Amino acid sequence: QVQLVESGGGLVQPGGSLRLSCAFSGDSFAFYLMGWHRRIPGNSRELVARITPGASTDLADSVKARFSISRDNSKSTVYLQMNSLGPEDTAVYYCYAYDMRTRQETWGQGTQVTVSS
C-alpha cells in the first residue's frame with residue numbers, strides 16, 4: 001500500500017522560501033506521476049505542480065515563475081521548491097501519487113504553509 005509523508009511546511013515571511021518534501025513508500029516509485037495540490041481557505045483544492053516518471057513537469061500559471069517541482073528516484077521523494085512566497089500561497093499542501101498502470105491515486109495528509117509577517 002502506497003504511503004506518502006509530507007514535510008517542510010511552516011510559517012514563513014512574505015518573500016521567503018520553503019521546500020516541501022514528500023516521501024513515497026509501498027510500491028515502485030518509477031511508475032508514479034507525483035504532484036502537489038493545495039487548498040486555500042474557502043477555496044477548492046487546486047493543482048500546483050506535477051512531475052511525470054520521466055521528470056516532465058507542469059506547474060500552475062500562478063506559481064510557474066516562483067515554484068519548481070523535482071523528484072529523486074533514488075530516495076523515492078518528490079520536492080516542491082517555493083520561492084517568493086506571498087500571503088496568497090497560504091494553504092494546506094497535499095502530495096499525491098498517481099499510478100500510471102492502474103490510474104489509482106493516493107494522497108498525503110497535507111502540510112500547512114502560512115505566509116505572514
request  = Could you tell me what percent of the DSSP beta bridges with both partners in the chain are antiparallel, to the nearest 5?
outcome  = 95
query = If each Cα of segment 1-48 is one equal point scatterer, what is log10 of I(q)/I(0) from the Debye formula at q = 0.15, 0.22, 0.31 Å⁻¹?
reply = -0.56, -0.99, -1.20
inquiry  = At 1.4 Å probe radius, can you tell me the per residue accessible area of the chain in Å²?
reply    = 52
Solvent exposure, largest accessible area first (probe 1.4 Å, DNA, RNA and ligands not counted), of TYR93, TYR98 = TYR98, TYR93
key: Relative contact order of segment 1-108, pairs being alpha-carbon contacts under 8 Å that are 6 or more residues apart, as %   = 34
message = What number do you get for the chain when its Cα radius of gyration is normalised by 2.2 N^0.38 Å, N = residues?
response = 1.00
Spin-label pair ASP99/THR114, simplified geometry with 7 Å Cα→Cβ offset, distance in nm = 3.7
VAL92 accessible area, assembled protein chains, probe 1.4 Å, Å² = 40
request  = On the protein heavy atoms, probe 1.4 angstrom, tell me the percent of accessible surface of segment 52-117 carried by carbon and sulfur.
outcome  = 44
ask   = What does the charge dipole of the chain about its Cα centre add up to, to the nearest 20 debye, if the Cβ of each Lys and Arg holds +1 and the Cβ of each Asp and Glu holds -1?
value = 80
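The values are calculated or read from the model by the stated rules, or taken from the named source; none is laboratory data. Since the structure is predicted, the reported quantities are computational estimates derived from the model, not experimental observations. Note: ideal-geometry Cβ built from the backbone for every residue, glycine included; neighbour counts use all protein chains shown. Calculation scope for accessible area: heavy atoms of the full protein, side chains included, ligands and nucleic acids excluded. Shrake-Rupley method; radii C 1.70, N 1.55, O 1.52, S 1.80 Å.
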